[in-house]
1. Regarding the range 80-90, can at least one residue be identified that is among the aliphatic types (A, V, I, L, M), more than 20 Å from the chain's Cα centre (by Cα) and open to solvent by 70 Å² or more (accessible area, probe 1.4 Å)?
2. Can you name the residue in the range 22-35 that is part of a loop (DSSP other than H, G, I, E, B) and open to solvent by less than 60 Å² (accessible area, probe 1.4 Å) and is also modelled with the highest pLDDT among such residues?
3. When you check residue 19 against the structure, is it over 15 Å from residue 141 (Cβ atoms), in contact with a strand residue (DSSP E or B) (Cβ under 9 Å, 6 or more places away or on another chain) and open to solvent by 90 Å² or more (accessible area, probe 1.4 Å), yes or no?
4. From the list 53, 76, which one is within 18 Å of residue 20 (Cβ to Cβ) and either at pLDDT 95 or above or exposed (fewer than 13 other Cβ atoms within 10 Å of the Cβ) (or both)?
5. For the list (1) more than 20 Å from residue 3 (Cα to Cα); (2) part of a helix (DSSP H, G or I); (3) in contact with a Leu (Cβ under 6 Å, 6 or more places away or on another chain), I need the number of the one condition that residue 128 fails.
Amino acid sequence: CLVLFIYKDGSFSLPVKDYDHDEENLIKWKSLGDMNQKEKRKALQKDNEINRSQQNITYGFLNGEPEAAQFFQSGSEPIENIAHVLLFTDGFFPPKENPQEPDDFSPLVALFLDKNLEAIIDDIRKKELQDPECITYPRMKPHDDATAVAISF
């Protein structure tokens, strides 16, 4: 999961690196254009199998294997200016049209500050439902599992 600090002034930071192990395959997915989801999955099946075989080798995947520990990141942040800490899985990442662009967490922060965690997932699911073939927002499935915890001070 990612850790995101929201400061008292509304700014935020990610103290650890955000890594997208699916980026290369999502670029290929997007290049397949309006082909339906089933056809895209079939076309990328081998690529996805190769990607998944790299779990805990080239990227971390918390699946109980001891090799996952080599991908753990840690650090510290003074708490004085922090208002909230969000911990969340990739299912909470805002959908993006271009897989090569960095993730933009500002909409997530704005929704959280204006409403709550539930508003974030509602917004994500709404966008996903409007794009059932995963064309506008390239992704391997209609939606990912999503887990988040907010700690407020």
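The values are calculated or read from the model by the stated rules, or taken from the named source; none is laboratory data. The structure displayed is predicted, hence computed values, not measured ones. Here the Cβ positions follow ideal geometry from the backbone for every residue, glycine too, while neighbour counts run over all protein chains shown. Protein only, heavy atoms only, side chains kept; ligands, DNA and RNA dropped before computing areas. Shrake-Rupley method; radii C 1.70, N 1.55, O 1.52, S 1.80 Å.
1. Checked against the condition, which is being among the aliphatic types (A, V, I, L, M), more than 20 Å from the chain's Cα centre (by Cα) and open to solvent by 70 Å² or more (accessible area, probe 1.4 Å), the range 80-90 yields no hits at all.
2. Taking the candidates together, the pick is 32.
3. The answer is yes for residue 19.
4. Working: 76 fails: within 18 Å of residue 20 (Cβ to Cβ).
Step by step, each of 53, 76 is checked, and only 53 is within 18 Å of residue 20 (Cβ to Cβ) and either at pLDDT 95 or above or exposed (fewer than 13 other Cβ atoms within 10 Å of the Cβ) (or both).
5. (3)
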